[in-house]
Amino acid sequence: MSRRPVAQIDLLALQQNLQRVKQLAPDSQVLAVLKANAYGHGLVKVAQKLTAADAFAVARIDEALALRTAGIVKPIVLLEGFYEAAELPLLLANNLQTIVHNELQLQALEQTPLDGQLKVWLKIDTGMHRLGIDPAEVDNMYRRLWQCSNVLPGIRLMSHFSCADELDSATTSQQLALFQQLCADKAEQHSLANSAAILAWPATHGQWVRPGLMLHGISPFAGKQGADHQLQPVMRLSSRLIAIRKVKAGDTVGYAGLWRAKTDTFIGVIAVGYGDGYPRHAANGTPVWLNGREVPLAGRVSMDMITVDLGHFCKDKIGDEAVLWGPELAIERVAAQAETIAYELLCNITPRVQYQYLGDNG
């Protein structure tokens, strides 16, 4: 019996979540965001299954090159753009599209001799204040891109929302209004909507939507779960019981003795810990699914193990499967108990975890 945790990736659920995106934004093309190893699900495998997406987006060039090496031919957009002029021939050779979000990138495009033209997305800062050009520079930089011999005609315009997951915030409407004002005289395709905006702000959909988290069946909204949006969880993380210990009332469990038994009970030890990506700061009481019921975390998360309270009448056995998150137990609940977000849990999965792909026909 292997003691390695297993991440089962349901590729059919992934495809169904993409169809849900298309239902919500039927007039938009889909730029599927696959950064950070497809949110921990496996970059290449996920891309190979999302054949109905119109294009893929990654953060960095090494992710894009990994897709090309695997034979992925769909358009790929670099969300952070290129870092230096020397990368431009590589982008051209691999048919990669780039975002331009600052003056130095534009200058590199203007000054670097190339044997062809690149597809460019111009990113505008409408309030996120992270990447993007200042609104006052939009007209100038847009004009220069149109005049640049290295840039294909048809510049796509985009921005990113800072508060789309806050339904009572006016910020998204303000950002949308500013973007529309800046782009009113530019007959180009627009891209604004991330997962939260796809779900909650239909006026932002434009010609391209950019789903990421929701493709993997997870809600971007606090207090919600993917099922609330007709999404299906794609990852099921599980491991095994490797020990069962009887403890008496008053006994403590784990480092620093942070959990104390209120009554005589049984403690189960599960082979997963922060060395596998399970959140170290998950609080006592965080649920784990075991033999058809939830059992609570009891004690501090260790590198290789967690401990759970099995209760006074224990019928569990060593070797039984324990589900850390998946269809039986929403990852959003675990993230809340660890005072983090589902994004972080997914991206923190380590190479110690074994991946299994369900619905993989090749």
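Filter segment 338-349 down to the residues that are open to solvent by less than 70 Å² (accessible area, probe 1.4 Å) and over 9 Å from G40 (Cα atoms) and list them by number. Full working, then the answer.
Quick first cut of segment 338-349, residues open to solvent by less than 70 Å² (accessible area, probe 1.4 Å) only: 338, 340, 342, 345-347, 349.
A338, T340, A342 - these are the residues of segment 338-349 that are open to solvent by less than 70 Å² (accessible area, probe 1.4 Å) and over 9 Å from G40 (Cα atoms).
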Answer yes or no: is there a residue in segment 77-88 that is farther than 30 Å from N140 by Cα, over 16 Å from the mean Cα position of the chain (by Cα) and either open to solvent by 10 Å² or more (accessible area, probe 1.4 Å) or in contact (Cβ under 8 Å) with a residue 24 or more places away in the chain (or both).
-> no
Note on R260: of the conditions (1) in contact with a strand residue (DSSP E or B) (Cβ under 7 Å, 6 or more places away or on another chain); (2) crowded, with 21+ Cβ neighbours inside 10 Å, unmet is (2)
Just give me the residues in segment 316-330 being closer than 22 Å to V269 by Cβ, within 26 Å of the chain's Cα centre (by Cα) and open to solvent by less than 60 Å² (accessible area, probe 1.4 Å), in sequence order.
-> A322, V323, L324, W325, G326, L329
I242, sole failed condition from (1) under 18 Å from A336 (Cα atoms); (2) part of a strand (DSSP E or B) = (1)
The condition from (1) within 24 Å of A53 (Cβ to Cβ); (2) of a type outside the set (V, I, T); (3) at pLDDT 95 or above that Q147 misses is numbered (1)
Of the candidates F221, F266, the one satisfying the condition of being touching a Cys at 6+ places or on another chain (Cβ under 8 Å) and either at negative phi or touching a residue at least 60 places away in the same chain (Cβ under 8 Å) (or both) is F266
May I ask you to list pairs of residues, at least six apart or on different chains, whose Cβ atoms are under 6 Å apart, with the first in segment 52-74 being acidic (D, E) and the second being surrounded by 21 or more Cβ atoms within 10 Å (Cβ to Cβ)?
-> D54/V30
Conditions (1) in a loop (DSSP other than H, G, I, E, B); (2) out of contact with any Phe, Trp or Tyr (no Cβ under 9 Å at 6 or more places or on another chain): number failed by S302 | (2)
Just checking, which of D165, D115, D185 is surrounded by fewer than 17 Cβ atoms within 10 Å (Cβ to Cβ) and in contact with a helix residue (DSSP H, G or I) (Cβ under 8 Å, 6 or more places away or on another chain)?
-> D115
Looking at (1) closer than 26 Å to T171 by Cβ; (2) over 15 Å from the mean Cα position of the chain (by Cα), can you tell me which one G250 breaks?
-> (1)
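The values are calculated or read from the model by the stated rules, or taken from the named source; none is laboratory data. Quantities reported herein were computed from a predicted structural model and do not represent experimental measurements. All Cβ positions, glycine included, derive from the backbone under ideal geometry; neighbour counts span all protein chains shown. We work out accessible area using only protein heavy atoms, side chains counted, and drop any ligands, DNA or RNA first. Shrake-Rupley method; radii C 1.70, N 1.55, O 1.52, S 1.80 Å.
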